[in-house]
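Take a look at the structure set out below.
Quick note: the coordinates plus some simple rules give every number you see, no bench work behind them. The structure displayed is predicted, hence computed values, not measured ones. Ideal geometry is used to build each Cβ from the backbone, glycine not excepted, and the neighbour counts take in all protein chains shown.
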Ligand code: SF4
Ligand code: SF4
Ligand code: SF4
C-alpha cells in the first residue's frame, strides 16, 4: 500500500488535533459553515489558459501597479513571480520535450495570486487586524493604515502570497484583494474581465464549485460550452465558448486545502508540479485555535508550568540559604 504525501500530512494534522483537543477533525462541510453565503471567487482552469498574460496586464491597470522588469535590458513588464509590484503572475511548467499542453512530459500554465482562504492564516496571524475577511463576500482585504509592518501575515500564509515593499521608505504589504474596489461598484475582478478564454472565471464560489465538478465529469476530447468572464451573468459577462475537454487531474485544488479557498483550480498536470503546495484539509488558523484551547482549557497547563518554575527557582535558591 502506498501513502501519498497529502494523506500523510492529513494524518499528522488529524492526529495533532485529536491529541491536543480530544476532538476529531471536522468534516469538509465545515468549509461551508465558515464561508459567507455570498462568497465570491475565481475558478482558474489551467487547461483553458493560453498564457497570453492579459490577466496580468489588466491586474496592473486596475490596481495602478508599476510595471516590473526582471533584467536590466528589458523594457516590457515581465515579472518572474509575485512581488510588491505584481499581484498576479502567470507561470509555466515545462518538463521533457515540452511540446504537449497540459501533460507531463509537456507544459502547462498556472496563475498565482491570493487564494482568499475560507479560514485565512494571514488574518489569524495579524496582531492588529490589518488583514480582514469580509463577512459578506469572503474577500481577504488589507488595511495599510492599521498595518504595523510585522510581516506575520507573510510568514503565516501557506501559499507564500503577501509581499513586502522592501524598497519603499513607508513599506506596506501587497497582495490581491480580488479587486474589491471594482466589486464595490458592481464589477468583477479585472483579470477575469480580461481573460479571453474563460480560464479565469469570476463568480459566486458555490456556482464555481458546481462548474468545476461539471468539468471534472467531462469526457476528454469532447466539445463542451465553457462560460467566459462571469459565471453569474451581470457585470463583465462574456459569453460561452466551445472547447475540447482536457484530461483533468481528478482533483479540485482549493476545495479542501487548509479548510478551503475561494480561488479554485483545475489542471491537466498534478498541482505540485505547478508549484502549488500540498496542504492539510484543516486550516492552520483552526489548528492553532484548537491547540491554544487545549493548552489553556481550565488554565491547568499554565498553572502546572508556573508551579514547576516556582519550584525550580526555589531549588536554585537553596544553596545560597
Ligand atoms: S492565500 Fe495567504 S494571503 Fe491569501 S487569504 Fe490565504 S493566507 Fe491570506
Ligand atoms: S482579482 Fe484583481 S487584484 Fe486579484 S489577481 Fe485578479 S485583477 Fe489582480
Ligand atoms: S488572460 Fe486568461 S488565458 Fe490569458 S494568461 Fe490570463 S488566465 Fe491565461
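If each residue of separation counts as 0.36 nm, what is the full-extension length gain between residue 184 and residue 100 once their alpha-carbon separation is subtracted? Could you put the intermediate results ahead of the total?
Numbers: separation 84, 0.36 × 84 = 30.24 nm, distance 4.08 nm.
My answer for the length gained is 26.2 nm.
Quick one: plug the Kirkwood hydrodynamic radius of segment 29-281 (C-alpha pairs) into Stokes-Einstein at 37 °C, 0.692 mPa s, and report D in µm²/s.
Details: Rh = 18.6 Å.
Roughly 177 µm²/s, to the nearest whole number.
Just to confirm my numbers, what's the Cα centroid distance between segment 110-180 and segment 53-71 in Å?
Their Cα centres are 19 Å away from one another.
Normalised by the residues of segment 29-281, what does the relative contact order come to in percent, with Cα pairs under 8 Å and at least six apart?
On the way: 538 pairs, mean separation 63.4, N = 253.
For segment 29-281, the relative contact order is 25 percent.
Using R₀ = 30 Å, calculate the FRET efficiency as 1/(1 + (r/R₀)^6) where r is the Cβ-Cβ separation of residue 80 and residue 148; round to 0.05. Please list the in-between numbers first.
On the way: r = 29 Å, r/R0 = 0.98.
Working from the Cβ atoms, E equals 0.55.
How would you rank 116, 69, going from fewest to most other Cβ atoms within 10 Å of each one's own Cβ? The partial results should precede the final answer.
Numbers: 116 29, 69 14.
Going from least to most buried by this count: 69, 116.
Ordered by packing density, taken as the mean number of other Cβ atoms within 10 Å over each peptide's residues, highest first, how do 132-138, 109-115, 204-210 rank? Spell out each step's value before the answer.
On the way: 132-138: 17.4, 109-115: 24.0, 204-210: 19.3.
Final packing ranking: 109-115, 204-210, 132-138.
When only Cα pairs under 8 Å and 6 or more residues apart are kept, what is the percent relative contact order across segment 106-155? Don't skip to the answer; put the middle values down first.
Numbers: 47 pairs, mean separation 16.6, N = 50.
Relative contact order for segment 106-155 comes out at 33 percent.
Give me 83, 200 ranked fewest to most by other Cβ atoms within 10 Å of their Cβ, as a rough exposure proxy.
On the way: 83 17, 200 29.
Lowest to highest Cβ neighbour count: 83, 200.
I need 261, 247, 172, 86 ordered by Cβ neighbour count within 10 Å, fewest first.
On the way: 261 30, 247 13, 172 16, 86 25.
Listing 261, 247, 172, 86 from fewest to most nearby Cβ atoms yields 247, 172, 86, 261.
Name the residues of segment 47-68 whose amide N is less than 19 Å from a point 7 angstrom out from the Cα of residue 244 along the C-beta direction?
Only 47-51 pass the distance filter.
Could you tell me the extents of segment 41-149's C-alpha atoms along the three principal axes, largest first, rounded to whole Å?
Sorted from largest, the Cα extents of segment 41-149 read 49, 34, 22 Å.
For Cα pairs less than 8 Å apart in space and 6+ apart in sequence, what is the mean separation divided by the residue count of segment 121-206, i.e. the relative contact order in percent?
Numbers: 99 pairs, mean separation 17.1, N = 86.
Relative contact order of segment 121-206: 20 percent.
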